[in-house]
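*Asks:* Here it is, the structure in full.
The values are calculated or read from the model by the stated rules, or taken from the named source; none is laboratory data. Treat the numbers as computed from the prediction; the structure is a model and nothing was measured. Counting neighbours? That spans all protein chains shown, and the Cβs are built from the backbone with ideal geometry, glycine included. What goes into the accessible areas is simple: the full protein's heavy atoms, side chains included, and nothing from ligands, DNA or RNA. Shrake-Rupley method; radii C 1.70, N 1.55, O 1.52, S 1.80 Å.
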Amino acid sequence: MSFIDTSTIEALPAPVWFILFFKTLGFVLHSALMNLWLAAFPIALWFIRRDRTEGKLWASRQLRQMPFIITFGVNFGIVPLLFIQVLYPRVFYPATILMAWFWILIIVLLVPAYYGAYVCAFGLPKNTQRLARWRYLFGALSALFFVLIGFIFTNGLTLVSRPDSWGEIWLSHSTAGASVGTGSALGEAILLPRFLLTLGLALGTTAAWALLDRALFMKEISPAYRQWSNRFALVLSLASILVYSSAFVWYLFAQKKEVVETLLGSAGLPFTLAAFASPFVLFVAVLLNVRLGAVRFPRLLGTLPFVVQIFSLGTNAIWRQGIQIRELSPWLPLSSMRVGGETWPAVLFLATFVVGVGVIVWMLFAAIRCRDVKN
């Protein structure tokens, strides 16, 4: 029996399908950029310290782009956080209260991490690939903080889906009947493989972004850089397959029996297979670009891997959403949700969303038109 009284839950401001759609869409947009914080940022810092010209060129471009990537990634991240609080407030707030100090730590880490990215970006004047040691140290701390932020988010969302563990966590981390906010999901078997799934996707996104950046934002591309970036994208996409597929199998074995039965059942199996195949499809797109991109449709084939990766992130987001619904169904089944009569919040959100998308599309096309003349 559920310990959450669903009869007292407030009415939703929009239908469940509306909330789930924008929750998933927002997560996909956030993931595409967050993946670059997680993987591209530390990889760029590693290459910027090497003597290889092509690697330094990619790294310097990536570091210059990072402040913009972080800005849009943070703003896109508000969308899924908003909608999970609307749909699942009865589990989101208790879980984050149990780990309150770690949850607050996200802001404490994000602010210096953000500024660290600016320190690196403004330490690389145009046509320069040199980075002062102190700026490099700031960047290294920034990259570390972003990895920690990603792990804390994974920890928190894992705890959201495990209401059955709250009692034990509360008893272990409370005083005078009040939570002290030092709980976590470290005891959950799915935590580490879930984080590694994100890391595997991040490696693939970095590979796809390297090719997209070359295709859309670089005007002059040397044969040496084309060869290096092709090899770089292939290596990263292979690493993505290795990390992601290993974590995927581990994640399935670590899940609860009833969740696994749903994932491998007739309804869940197509989504599970599609999610598992994501990095393999990306590798095919990268390989196609490497083989043909230099001679035929360079922009189209250079953009294709990133488009494929967006669909892969979408597939994984839908798959993860299904898992969350199944995990929380004993406590908060979607059938118990009721919709209120007021529709203006949803209308206002849609209007703002359309305007925001229009502005972002305009900025993207402006960036393509103003691409560098010399790199």
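*Asks:* Counting pairs of alpha carbon atoms under 8 Å apart in space and at least six apart in sequence, what relative contact order in percent does the chain give? Write down the numbers at each step before the final one.
*Replies:* On the way: 477 pairs, mean separation 89.7, N = 375.
Computed value for the chain: 24 percent relative contact order.
*Asks:* Work out the count of Lys pairs in the chain where the Cα-Cα distance is under 19 Å, with the pair 8 or more places apart or on different chains.
*Replies:* So the count of such lysine pairs works out to 6.
*Asks:* Note the full-extension length gain between Val354 and Val108 as 0.36 nm times their separation in residues minus their Cα-Cα distance, in nm to one decimal. Provide the component values of the computation, followed by the final result.
*Replies:* On the way: separation 246, 0.36 × 246 = 88.56 nm, distance 3.18 nm.
Fully extending the segment from Val354 to Val108 adds 85.4 nm.
*Asks:* Name the residues whose placed amide hydrogens come within less than 5 Å of the amide hydrogen of Leu12, ignoring near sequence neighbours (fewer than 5 apart) on the same chain.
*Replies:* The answer is Arg338, Val339, Gly340.
*Asks:* Then there is this: Gain in length, Thr8 to Phe311, computed as 0.36 nm per residue apart minus the alpha-carbon separation, to one decimal in nm?
*Replies:* Numbers: separation 303, 0.36 × 303 = 109.08 nm, distance 3.77 nm.
Fully extending the segment from Thr8 to Phe311 adds 105.3 nm.
*Asks:* Positive end of the dipole of the stretch 139-245, charges at C-beta (+1 Lys, Arg; -1 Asp, Glu), about the Cα centre: which of Phe217, Trp166, Leu144 has its Cα farthest in that direction?
*Replies:* Result: Phe217.
*Asks:* Here is a further query. Convex hull over the alpha-carbon atoms of the stretch 178-231: what's its volume per residue in Å³? It would help to have the intermediate numbers written out before the result.
*Replies:* Numbers: hull volume 6.6 nm³, N = 54.
Measuring per residue, one finds 123 Å³ for the Cα hull of the stretch 178-231.
*Asks:* At 1.4 Å probe size, put Met337, Met218 in order of accessible surface, largest to smallest.
*Replies:* Numbers: Met337 25, Met218 5 Å².
Output order, biggest surface exposure first: Met337, Met218.
*Asks:* Given a 1.4 Å probe and the protein chains all in place, what does the accessible area of Val147 round to, in Å² to the nearest 10?
*Replies:* Val147 exposes around 50 Å² with every protein chain in place.
*Asks:* Here is a follow-up. Would you calculate a helix-derived [θ] at 222 nm for the chain, using -39,500 (n - 2.57) for each DSSP H run of n ≥ 4 and dividing by the full residue count, to the nearest 500? Intermediate results must be reported in sequence, preceding the final value.
*Replies:* On the way: 13 runs with 276 residues, N = 375.
Taken over the chain, the calculation gives -25500 deg cm²/dmol.
*Asks:* Connecting C-alpha atoms closer than 10 Å in a GNM of the chain, tell me which of Ser329, Ser245, Ser142 has the biggest fluctuation.
*Replies:* Of Ser329, Ser245, Ser142, the most mobile in the Gaussian network model is Ser329.
*Asks:* What is the Cα coordinate range of the chain on the first, second and third principal axes, sorted by size from largest, in whole angstrom?
*Replies:* 65, 45, 44
*Asks:* Enumerate the amide H contacts of Ser174 below 5 Å, restricted to partners 5 or more residues apart or on another chain; note that Pro and chain-start residues carry no placed amide H.
*Replies:* Val180
*Asks:* At 7 Å along Cα-to-Cβ for each site, give me the label-to-label distance between Leu300 and Ala224 in nm.
*Replies:* Computed distance between label sites Leu300 and Ala224 equals 3.2 nm.
*Asks:* Could you tell me which helices of the chain pass both thresholds, a Cα extent of 24 Å or more along their own axis and a mean Kyte-Doolittle hydropathy of at least 1.0, with helices taken as whole DSSP H runs?
*Replies:* Values: long enough: 16-35 (28 Å, 1.48); 53-87 (50 Å, 0.76); 100-121 (32 Å, 1.92); 133-160 (41 Å, 1.42); 191-216 (37 Å, 1.23); 223-254 (46 Å, 0.82); 269-292 (34 Å, 1.89); 298-328 (46 Å, 0.46); 344-369 (38 Å, 2.07).
Passing helices, by number: 16-35, 100-121, 133-160, 191-216, 269-292, 344-369.
*Asks:* Compute the distance in nm between two label points, each set 7 Å from the Cα along the Cα-to-Cβ direction, one at Leu252 and one at Ser335.
*Replies:* Once both label points are built, they end up 2.8 nm from each other.
*Asks:* Let me ask something else about it. As a test of reading the structure, rank Ile325, Ile9 by solvent-accessible area (1.4 Å probe, protein chains only), most first.
*Replies:* Details: Ile325 50, Ile9 15 Å².
Output order, biggest surface exposure first: Ile325, Ile9.
*Asks:* Over the C-alpha atoms of the stretch 190-337, what are the Rg and the largest Cα-to-Cα span, Dmax, in Å?
*Replies:* 17.9, 60
*Asks:* What full-extension length gain, to one decimal in nm, is calculated for Leu234 and Ala176 as 0.36 nm per residue of separation minus the Cα-Cα distance? Could you put the intermediate results ahead of the total?
*Replies:* On the way: separation 58, 0.36 × 58 = 20.88 nm, distance 5.59 nm.
Roughly 15.3 nm would be gained on extension.
*Asks:* Still on this structure, I have one more. Looking only at Cα atoms, what is the convex hull volume of the stretch 63-170 per residue, in Å³? Intermediate results must be reported in sequence, preceding the final value.
*Replies:* Working: hull volume 9.7 nm³, N = 108.
With only Cα atoms used, the stretch 63-170 gives 90 Å³ per residue.
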